[in-house]
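In what follows, a structure is listed as structure tokens, so that the remarks can point back to it.
The values are calculated or read from the model by the stated rules, or taken from the named source; none is laboratory data. Treat the numbers as computed from the prediction; the structure is a model and nothing was measured. Note: ideal-geometry Cβ built from the backbone for every residue, glycine included; neighbour counts use all protein chains shown.
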Amino acid sequence: MAHDHGRSGDHHSHDHADHAGHEDHDDEGYEAEDEVGLKEAFGLPDELPPLRLPPDAELADTARAVPMLAELAALAGWVGDGRAIDADAELSAAERAGAVSALNVTPERFTFLWKYAGGVDWIEETDDDQVISGETAELWRGGDDEGAISAWAATFAAVLTEAMCAAAAGDASRPADVDFHVPGAGLALMLFLARREGLTAEEVSEIVEEGLTTELPARAQKAWATWRRAHGDPAAVLLDQLTEIGAITATSAEDGTIRLTPLALRELRLQFTDAGVEVPLLPDAPGEMSAAQLVALADGVSDDEFEAESAAWLAARAPGEAATELLALAASADPASRLLAVAVTTDLGAAAETAWREHLGMLELRPYAKVALVQISGLAEGDPLPPELEPDPDDLAWMATDLLAIVCDDEDTDADEISEAFAEALPPDGDPAAFLDLISRGPHPDAYIVLEHIGEYHPDKAIAKEARKVAYKASMREAARQRARGLGDKR
């Protein structure tokens, strides 16, 4: 059974109103952004790849081990039943010095803690110019798992909106038009969407920069550039604080990527589901997944993680059962899922032979079954193939179209990816024109779409032109078939 991770911390995640320690900003602007809707703003589908989360008890223990939360709890304890604040929700110099001493932190560290505490109700303002211990501190003190996770989620939201603002606090040269609160939430969402491949520090910097400057007028852009040269990249501060709270991993030494931790994945999954985007939770053990869940998981984890998951999934069931389940999925799946299911089935080797033979008569799987059975047979290079395993033109066209269809994205097709996939699909010493014609005459339902994308995006102008030509001929042939069927129906 998958864990039912109940909603916690809802009142924190979208609350950007002024609290103690916050600088004033345009609340109406935040509300207007919320009205757009997360799903609409990012053009998201109804469902994103699934994920597996640790039990809440394990996540709560992780949250309790974050030193920053202990510091915030200590700050709330120091505030207690009331400390005086001024009109800007700040302590007097003497009180601030006392807090710094009591918490045993630097003045710079206290600035961050004060911002976070005020941002998400570790401390709360009263109507009589006081600040008291707040609701988040009460949740934390409660000691239960839900309270610990909720307090962590609230602080995560505060770091996203307040870290860069705290770093720039008191800087008279800070550009007045730049709202440091804005980019953090967008960055968190982008990290969630990129959880398979992760983001590099450079990509994070670009996302933050865009969030800070997109709406700035020209004069403010110039002021921002000057400030950034003098003070460095504010994204670095945000990354440091997110690492400290345990929301992101340290930069991978292998590929330089940054990923969200399970605590952050849990909270952001709830944000997506609240916005109408389903992010299914997987069963606790890999072996409990269906083949469809296993294949869907691939878009949400790294290659190494998927290999481990698929190995565990295969180990949990009989090879023949696994092959049958995978190939049943592959027969009706989209090209990307089909190729993945075929690859996992191939890992079974000879144990999948019966399942492969059962699919020799199915157009969607016949090409892959022939290749797999040749590999299983152990035929040496140059040995004649059994007649039933000889690939025919439809087999070649189907496999090539499957491969090319994966990189044909209506909204974000990449010319280099089209070129690489075309080169991989083209037989050795193959003629591009003949190859394109083969695709156009093949039975694959995506053939015309593939030809259209090659014609529009392939960087080789000759190949692109040929693709457009055969696509046109294919459309004429299809139109003729439609007319013939129409006449036949009338008779």
> For the subset of segment 409-428 comprising residues that are of a type in the set (Gly, Ala, Ser) and either more than 17 Å from Leu396 (Cα to Cα) or free of Cβ contacts under 8 Å to residues at least 12 places away in the same chain (or both), which member is surrounded by the most Cβ atoms within 10 Å (Cβ to Cβ)?
Replying inline: Ser419
> Limited to segment 50-60, what total is found for residues that are touching a helix residue (DSSP H, G or I) at 6+ places or on another chain (Cβ under 7 Å) and more than 16 Å from Ala264 (Cβ to Cβ)?
Replying inline: 2
>> Tell me yes or no: at least one residue of segment 453-469 is closer than 27 Å to Val374 by Cβ and charged (D, E, K, R).
In response: no
> helices (runs of 4 or more DSSP H) wholly in segment 28-120 with at least 3 residues that are without any contact (Cβ under 8 Å) to a residue 60 or more places away in the chain and crowded, with 16+ Cβ neighbours inside 10 Å - which ones?
Replying inline: 67-79, 93-103, 107-119
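Scan segment 295-308 for residues that are in a helix (DSSP H, G or I) and closer than 11 Å to Arg52 by Cα and jot them down. Reasoning before the result, please.
Step one: of segment 295-308, the residues in a helix (DSSP H, G or I) are 295-300, 303-308.
Passing the criteria: Leu297, Gly300.
Can you tell me how many residues in segment 429-486 are polar (S, T, N, Q) and touching a residue at least 24 places away in the same chain (Cβ under 8 Å)?
2
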> Restricting the search to segment 121-132, which residues are closer than 17 Å to Ala74 by Cβ, part of a strand (DSSP E or B) and of a type outside the set (Val, Ile, Thr)?
Replying inline: Glu124
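Can we say Ala201 is within 27 Å of Leu270 (Cβ to Cβ), surrounded by fewer than 21 Cβ atoms within 10 Å (Cβ to Cβ) and modelled with pLDDT of 90 or more?
In short, yes.
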> Is it the case that Gly378 is in the same structural domain as Ala318 (by TED's automatic domain parsing), modelled with pLDDT under 95 and at positive phi?
Replying inline: yes
> Restricting the search to segment 241-279, which residues are more than 23 Å from Glu58 (Cβ to Cβ) and either in contact (Cβ under 8 Å) with a residue 40 or more places away in the chain or outside the structural domain of Ala176 (by TED's automatic domain parsing) (or both)?
Replying inline: Gln241, Thr251, Asp255, Gly256, Thr257, Asp274, Ala275, Gly276, Val277, Glu278
>> Considering only segment 220-232, I want to know if a residue exists there that is buried (at least 16 other Cβ atoms within 10 Å of the Cβ), closer than 22 Å to Glu108 by Cβ and not charged (D, E, K, R).
In response: yes
